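Enquirer: Handing you a structure now.
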Amino acid sequence: MIVEFTISPIGVGESLSEYVAKVIDLVDKSGLPYLLTPMGTIVEGEWDEVMELIKRCHHRMRELAPRVTTRIYVDDRFGRKGLLEHKTRSVEEKLGRQIKRTRLEAQ
């Protein structure tokens with residue numbers, strides 16, 4: 001399955017990258033495939049491992065901020081793996097070209 005999640009600290013000011021970095025450190029060390037985007041993080045894996053990671057990330061952010069919101073969006077498709085790359089590649093095949101997002105990652 002593939003999951004997009006956003007954990008937002010509230011009450012810590014306008015700049016959030018310092019807080020996001022501490023949570024992304026947990027994601028990076030998890031070993032799960034992931035993609036950090038400007039608006040959230042996409043992670044791929046089995047239900048239990050992904051949800052446990054999100055739980056750890058939420059708890060870490062809770063240590064840093066007086067209030068935290070977490071949004072989770074799940075795409076659970078039986079028997080599919082490699083969705084982080086496959087979904088983008090599938091759209092590019094239909095377009096007949098690479099999309100800008102992919103070129104930005106390559107830089």
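Enquirer: Out of the residues in the stretch 22-32 that are of a type in the set (D, E, K, R) and either more than 11 Å from the chain's Cα centre (by Cα) or at pLDDT below 95 (or both), state the one that is surrounded by the most Cβ atoms within 10 Å (Cβ to Cβ). Working first, answer last.
Expert: So in the stretch 22-32, the residues of a type in the set (D, E, K, R) come out as 22, 25, 28-29.
Okay, now just the ones that are also either more than 11 Å from the chain's Cα centre (by Cα) or at pLDDT below 95 (or both), so 22, 25, 29.
Details: K22: 15, D25: 12, K29: 9.
Out of the qualifying residues, it is K22.
Enquirer: Another question about this same structure. Just the residues that are closer than 17 Å to A65 by Cα, in contact (Cβ under 8 Å) with a residue 24 or more places away in the chain and either part of a loop (DSSP other than H, G, I, E, B) or polar (S, T, N, Q) (or both), please, taken from the stretch 1-40.
Expert: Once the filter is applied, which keeps residues that are closer than 17 Å to A65 by Cα, in contact (Cβ under 8 Å) with a residue 24 or more places away in the chain and either part of a loop (DSSP other than H, G, I, E, B) or polar (S, T, N, Q) (or both), the stretch 1-40 yields T6, S8, G11, V12.
Enquirer: Can you name the residue in the stretch 41-74 that is part of a helix (DSSP H, G or I) and of a type in the set (D, E) and, of all such residues, is farthest from the chain's Cα centre (by Cα)? Give the steps one after another, and end with the answer.
Expert: Filtering the stretch 41-74 down to residues part of a helix (DSSP H, G or I) leaves 47-64.
Those still in the list that are of a type in the set (D, E) too: 48-49, 52, 63.
Working: D48: 16, E49: 14, E52: 14, E63: 20 Å.
Selected residue: E63.
Enquirer: Take L35 and tell me if it is of a type outside the set (G, A, S), at pLDDT below 95 and surrounded by 15 or more Cβ atoms within 10 Å (Cβ to Cβ). Can you show your working first?
Expert: Working: of a type outside the set (G, A, S): yes; at pLDDT below 95: yes; surrounded by 15 or more Cβ atoms within 10 Å (Cβ to Cβ): yes.
It is true that L35 is of a type outside the set (G, A, S), at pLDDT below 95 and surrounded by 15 or more Cβ atoms within 10 Å (Cβ to Cβ).
Enquirer: On the basis of being surrounded by 13 or more Cβ atoms within 10 Å (Cβ to Cβ) and assigned to a helix (DSSP H, G or I), does L84 make the cut?
Expert: Yes.
Enquirer: Can you tell me which of I10, I72 is touching a Lys or Arg at 6+ places or on another chain (Cβ under 9 Å) and at pLDDT 95 or above? It would help to see each step written out before you state the result.
Expert: On the way: I72 fails: touching a Lys or Arg at 6+ places or on another chain (Cβ under 9 Å).
Result of the check over I10, I72: I10.
The values are calculated or read from the model by the stated rules, or taken from the named source; none is laboratory data. All of these numbers come straight from a predicted model, not from anything done at the bench. When we count neighbours, we look across all protein chains shown, and the Cβ atoms used for this are built from the backbone with ideal geometry, even at glycine.
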